[in-house]
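Chemist: Input: one structure, supplied below.
The values are calculated or read from the model by the stated rules, or taken from the named source; none is laboratory data. Note that the structure is a prediction, hence the values are computed from the model and not measured. We place every Cβ from the backbone using ideal geometry, glycine too, and count neighbours over all the protein chains shown.
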Amino acid sequence: MLRTQTPAPEVRAADPSPLLRLIAGDYAARVAELWPAPHGAYLEMPSQRRHLTHVVLDFASAPRAAMAQALQYARADAVARDFLGALPPGFVRLLGRLGEVAWAGEDYLRLVALFHDADAALVLRQTPALTADQVRALDALAPPLRAPALVRHLADPVHAALLDEAWRALRDVRGEDAARAAAARWARARDAARLLEMAAADMAPQRFDPAPFPAHADLRRFGGTATLADAGRRFRNCLAAYGERAAEGFMALYEWAGPPPAALALARDGFFGWRLEEARGVGNTILEPPARDALIDTLRSLGVRVGRPGRDLRDRLRRAAGDPHVWVDDGETELTAFGL
């Protein structure tokens, strides 16, 4: 029994081949109109000429025959001049460093715009091979951040946008000079991770608000991240991790003279005002009873709560009253604060 064969669909001469779709991407259909299958004239072009073709297709208006003839046979700079007008010096040459496959039209447009910025153009000229992500990253940066030594670490546009946001925040809060000094420091980073770490360090609060209660002869308050970092080294602990909460006013950090010396973290409490959250000796050691008692007496004399938070006490009352939705930590907060 003979089977009826389904005829193959007719393929028009201008239809892009799979290889053309791979190389030309979104430009494949328009390239196929200039050079029908098998698209040899286009596929045999060097990458610079193919990228120039994409830019011309996006931004020039001319008869297809004239465009195809010029793109295939004319000098690249003559094509750019005749179809695109005045382009920044070096732009056409740079097209040879964009890789083998087509970029998106908005990325070509972004590249042209960046070439009109002196700092960005310098970065682009000094980059041996460019990706669209690198161009997006460069475009995300404020001009003072467009230094070759800094941008070479930024291949991710998301990271670049974060760095730009941090730089603008530094400028708004600490002034133009501080922001430019930060950019100069960041340019000395050895890799992307170090660059982002340096930016994060510059975003740390520099100082904390005045002490929440009068000073005591045996208590010294850590008033900013510099003194906190020094204390962290001396006490060999993670005091620096509390810097953000201290700057926001939710915590106050002190050094107790002792003996032995101790690092204290006091937390805001909605009912008591201030409460001891943590007290540790050097290396996070636990204070012995005599030293612990002396510290407790001093703190209570200043009005600092040593014991469970007001919220915890209130929630225990609610649970005792039969409220089934209240969760309560069954630990003893005073002992927890001292690591017991």
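Chemist: Check off (1) within 24 Å of Ser17 (Cα to Cα); (2) assigned to a helix (DSSP H, G or I); (3) under 40 Å from the mean Cα position of the chain (by Cα) for Met45 and give me the number that stays unchecked.
Modeler: Here Met45 meets the rest and fails (2).
Chemist: Next question. Looking only at residues that are in contact with a helix residue (DSSP H, G or I) (Cβ under 8 Å, 6 or more places away or on another chain), within 22 Å of Ala247 (Cβ to Cβ) and aliphatic (A, V, I, L, M) in the stretch 175-199, which one is surrounded by the fewest Cβ atoms within 10 Å (Cβ to Cβ)?
Modeler: Per the stated criteria, the residue is Ala178.
Chemist: Got a sec? Which of Ala257, Ala294 is surrounded by fewer than 21 Cβ atoms within 10 Å (Cβ to Cβ) and at pLDDT 90 or above?
Modeler: Ala294
Chemist: Still on this structure, I have one more. Output the residues belonging to the stretch 112-128 that are β-branched (Val, Ile, Thr) and not assigned by TED's automatic domain parsing to the domain that holds Phe59.
Modeler: Hits for the stretch 112-128 are Val123, Thr127.
Chemist: Mind checking whether some residue in the stretch 167-187 is farther than 30 Å from Trp274 by Cα, without any contact (Cβ under 8 Å) to a residue 12 or more places away in the chain and among the β-branched types (Val, Ile, Thr)?
Modeler: No: zero hits.
Chemist: Kindly list, by first and then second residue, each pair from a residue in the stretch 281-292 that is at positive phi and assigned by TED's automatic domain parsing to the domain that holds Ala257 to a residue that is surrounded by 10 or more Cβ atoms within 10 Å (Cβ to Cβ) and not in a helix (DSSP H, G or I), limited to pairs with Cβ atoms under 7 Å and residues at least 6 apart or on different chains.
Modeler: Gly283/Arg236; Asn284/Asn237
Chemist: Specify the residue that is farthest from Arg300 (Cα to Cα); the eligible residues are those in the stretch 216-236 that are in contact (Cβ under 8 Å) with a residue 12 or more places away in the chain and within 27 Å of the chain's Cα centre (by Cα).
Modeler: The selected residue is Ala226.
Chemist: Tally up the residues in the stretch 48-63 that are over 41 Å from the mean Cα position of the chain (by Cα) and either in contact (Cβ under 8 Å) with a residue 60 or more places away in the chain or surrounded by 12 or more Cβ atoms within 10 Å (Cβ to Cβ) (or both), please.
Modeler: 1
Chemist: Tally the residues that are more than 18 Å from Ala240 (Cβ to Cβ), part of a strand (DSSP E or B) and either of a type in the set (A, V, I, L, M) or touching a Phe, Trp or Tyr at 6+ places or on another chain (Cβ under 7 Å) (or both), restricting the search to the stretch 275-299.
Modeler: Going through the stretch 275-299 one residue at a time, the tally reaches 1.
Chemist: Limited to the stretch 300-321, what total is found for residues that are within 21 Å of Trp256 (Cβ to Cβ) and either in a helix (DSSP H, G or I) or among the β-branched types (Val, Ile, Thr) (or both)?
Modeler: Total satisfying the criteria: 4.
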